[in-house]
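All remarks here apply to the structure that follows.
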Amino acid sequence: MERTGIRLRRVCVAAAAASALLAPAAAGSAYGTGSAYGAAPSGQSLATAPSPDTDGTGTFRELTPAVAAELDDAVRDAMRTTQVPGVIVGLWAPGKGSYVKAFGVADKASGAPMTTDLYMRIGSETKTFTVTALLRLVDQGKMRLDDAIGSYVSGVPNGDRITLRQLAGMRSGLYNYANDEAFNRLLDTMPAKPFTPQQLLDYSFRHPVQFESGAKFEYSNTNIILLGLAMEKVTGRPFQEILKEQVLEPAGLHHTFFPTGAEFPEPHAHGYTAQTTSGKVEDSTAMNPSWGWAAGAVISDLQDLRSWARTVATGTLLKPATQAERLKTTPTGIPGAGYGLGIFDVNGWIGHDGSLPGYESLVVYLPEGQATMVILLNTDVLTEGKEPSAFLGQAVTNVVTPGHVYPGRKPLVPRSS
């Protein structure tokens, strides 16, 4: 496997940048664990099953059996194509119904099934939380989007010209530390190693600025690390406290966490990645996500992400004018795809996705149909150079929103080489 291509997408936009062996399902196999339409999965009590609608559109009815069966087939087909061990799929679409189901295995060693109540690492979906915290502080008059990052964090190349708005919109020109070869060698050999935000910036700043700030879009985790540090400077508080106070508590998210180390609440799925020294697929569950920090360390679950998808897309926590600024997108170079402030718009779906070793997430909301889609999986191994979450997103939307298909077989953002 070509190593450089793998390295370039640590905590990247999953559909934006871009093998476990799992045979096709037989009747009664691990495929299809759980139940669609909000009933409790096998081995799971009704107390932990998906709750009635909480996004303001009324209680969802079930999808018709015919549509649900078509979705089952589409998801299983995508899993066979991508060889994903396990997937959690949640869809809530007023006028059509709901679909909540887990497929495959959460642990390949034990064969434990994937269930809909598991905690998952969500990678770059973290960026929606971080940028929302920033925008909340802007609404409170504590920061301004057009402030230069150099007024908050010293030593940033072009720091006197790069604004917080450009950082949140991926238009700073700063090198993505996650692409640095030395960083990746160290992370591969010491996956449990903790990194500080300043260490991450050091890997970025040893490289020249890629272009003048504001000139174009280029995805970089460095941008979001800087926003986290800027918020710490303004508030005088650790980032995890800022996130809790500004976002998690106001949004009512009680199963979403910002880990300060390798902690991972139970129950959780095991993750599998080929981003290893051997290039072979290995269990990455114990990896320390501190290297993603404000750009990719958050842990959450299906029901919190269901609520969050609508909250972030509709701007519930923000002033209307601030949300309008957030949704002003910059072209990414891919037709139908634009990037705003820590959020994308892809064929009408607004939200973000995430990928880090062993886990991927896709959390989006379709304002036109008031539909929510959350897809969580326990691998980041590419298929045909694309993220597996994108294949799953395309499979689901092909069935339920054919007018707004998530572009799973095309990367949202051109990959570096």
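Please list, in chain and number order, the residues 5+ apart from Glu62 or on another chain whose amide H is under 5 Å from its amide H, with Hs placed from the backbone.
Sorted by chain and number, the residues that satisfy this are Ser98.
How much length, in nm to one decimal, is gained on full extension between Thr316 and Asp283, taken as 0.36 nm per residue of separation minus their Cα-Cα distance?
8.1 nm
Could you work out the Kirkwood radius for region 86-133, taking every pair of different alpha carbons, averaging 1/r and inverting it, reported in Å?
After inverting the mean inverse Cα-Cα distance, the result is 12.9 Å.
Could you name the lysines whose alpha carbon sits less than 25 Å from that of Lys142, not counting residues in the same chain fewer than 8 places away?
Leaving aside lysines fewer than 8 places away in the same chain, those within reach of Lys142 are Lys127, Lys233, Lys244, Lys319, Lys328.
Which Cα, out of Ala168, Tyr152, Asn184, lies furthest along the positive dipole direction of region 143-185 (beta carbon charges, K/R +1, D/E -1)?
Comparing the listed Cα positions along the dipole, Ala168 ranks first.
Among Gln140, Thr64, Val105, whose Cα lies farthest out toward the positive end of the dipole of region 54-180, if unit charges sit on the beta carbon of Lys, Arg (+1) and Asp, Glu (-1)?
Gln140
Across all directions of projection, what mean area in square nanometres is found for the Cα convex hull of region 3-400?
If you wrap the Cα atoms of region 3-400 in a convex hull and average its projections, you get 17.5 nm².
Calculate how many DSSP beta bridges within region 268-417 are antiparallel, expressed in % of all such bridges and rounded to the nearest 5.
That works out to approximately 95 percent antiparallel.
Taking the highest mean first, how do the peptides 323-330, 372-379 order by number of other beta carbon atoms within 10 angstrom per residue?
Top of the packing list down: 372-379, 323-330.
If the only charges are +1 at each Lys and Arg Cβ and -1 at each Asp and Glu Cβ, what is the size of the charge dipole of region 180-291 around the Cα centre, to the nearest 20 debye?
Dipole about the Cα centre, nearest 20: 180 debye.
What list of ³J(HN,Hα) couplings, whole Hz, do you get for region 275-284 from phi and the Karplus terms 6.51, -1.76, 1.60, once you set θ to phi - 60° and write x for glycine and proline?
Calculated HN-Hα couplings, in order: 7, 9, 5, 7, x, 8, 5, 9, 6, 10 Hz.
Give me a comma-separated list of calculated 3J(HN,Hα) values for region 99-112, in order, Karplus coefficients 6.51, -1.76, 1.60 applied at θ = phi - 60°, integers in Hz, x for any Gly or Pro.
8, 10, 7, 10, 10, x, 10, 8, 9, 5, 5, 8, x, 4
Students often forget the sequence filter, so: which lysines lie under 26 Å Cα-Cα from Lys108 once same-chain residues fewer than 8 apart are removed?
By straight Cα distance, Lys108 reaches Lys193, Lys280, Lys386.
Excluding Pro265 itself, what net charge comes from residues whose Cβ is under 14 Å from its Cβ, given Lys and Arg +1 and Asp and Glu -1?
Taking every Cβ under 14 Å from that of Pro265, the sum is -4.
Compare the Cα positions of Gln210, Ser389, Gly228 along the charge dipole of region 3-400 (+1 at Cβ of Lys, Arg; -1 at Cβ of Asp, Glu; about the Cα centre) and return the one farthest towards the positive end.
Gln210
Evaluate Rg over Rh across region 265-417, taking Cα atoms for both radii and Kirkwood's formula for Rh.
A ratio of 0.96.
With charges set only on the Cβ (+1 for Lys and Arg, -1 for Asp and Glu), what does the dipole of region 90-235 come to about its Cα centre, in debye to the nearest 20?
300
Among His207, His268, His254, which comes first, second and so on when ranked by fewest other beta-carbon atoms within 10 Å?
His254, His207, His268
DSSP loop (so not H, G, I, E, B), at most 14 other Cβ within 10 Å: list which trypsin sites (Lys or Arg not before Pro) in region 94-155 pass both filters.
Lys142, Arg144
Pull up all non-local amide H partners of Thr330: gap of 5 or more, or a different chain, and H-to-H distance under 5 Å with H placed in the peptide plane.
Sorted by chain and number, the residues that satisfy this are Tyr339, Gly340.
Which whole-Hz couplings ³J(HN,Hα) result when phi for each residue of region 74-84 is put into the Karplus expression 6.51 cos²θ - 1.76 cosθ + 1.60, θ = phi - 60°, listed in order with x for Gly and Pro?
5, 5, 4, 5, 5, 5, 5, 5, 8, 6, 6
About its Cα centre, what dipole magnitude does region 3-400 give when the only charges are +1 on Lys and Arg Cβ and -1 on Asp and Glu Cβ, stated in debye to the nearest 20?
The calculation lands at about 620 debye.
Readers should treat all values here as calculations from the given coordinates under stated rules, not as data from a laboratory. Note that this is a predicted model, so its numbers are computed, not measured. Using ideal geometry, Cβ is built from the backbone for each residue, glycine included, and neighbour counts are taken over all protein chains shown.
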